[in-house]
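Undergrad: The structure that follows is given in the form of structure tokens.
The values are calculated or read from the model by the stated rules, or taken from the named source; none is laboratory data. From a predicted model like this one, the values you see are computed outputs, not experimental measurements. Using ideal geometry, Cβ is built from the backbone for each residue, glycine included, and neighbour counts are taken over all protein chains shown. When the accessible area is computed, the model is the full protein with side chains, heavy atoms only, and any ligands, DNA or RNA have been set aside. Shrake-Rupley method; radii C 1.70, N 1.55, O 1.52, S 1.80 Å.
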Amino acid sequence: MPAEMRAAARDAVGGVFGVLPALFNAATTGPMTREAQRHLATSYERVGGALTELGRTDEAIEALQAGVRIASQVAAASPDN
């Protein structure tokens with residue numbers, strides 16, 4: 001598959017899932033990265049909640065802990081927010 005086609009497919013999938021194109025760039029830093037990390041932490045929390053409802057407690061704890069780790073890193077990087 002040509003590179004242009006792969007990039008277009010990646011951008012289309014990212015758009016559907018609400019991923020900002022700049023986040024595919026490893027050099028992206030600053031507020032955009034922190035916002036993405038906030039969303040990721042929230043996603044882990046939601047997954048943890050769903051796993052709890054399914055009775056999969058150990059997996060839920062792992063997901064929730066991952067969310068807390070990420071949220072803690074975001075908070076440490078921007079304590080004014």
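Undergrad: How many residues, within region 52-81, are at pLDDT 90 or above, part of a helix (DSSP H, G or I) and of a type outside the set (Lys, Arg)?
TA: Taking region 52-81 as the starting set, the residues that turn out to be at pLDDT 90 or above are 52-69, 71-72.
If we keep only those that are part of a helix (DSSP H, G or I) as well, we get 52-53, 57-69, 71-72.
Then drop every residue that is not of a type outside the set (Lys, Arg), which leaves 52-53, 57-68, 71-72.
So the answer is 16.
Undergrad: Taking only region 49-68 into account, find how many residues are open to solvent by 80 Å² or more (accessible area, probe 1.4 Å) and touching a residue at least 24 places away in the same chain (Cβ under 8 Å).
TA: Final tally of qualifying residues: 1.
Undergrad: Can you report the number of residues in region 25-34 which are open to solvent by 80 Å² or more (accessible area, probe 1.4 Å) and closer than 20 Å to residue 11 by Cα?
TA: Residues meeting the conditions: 3.
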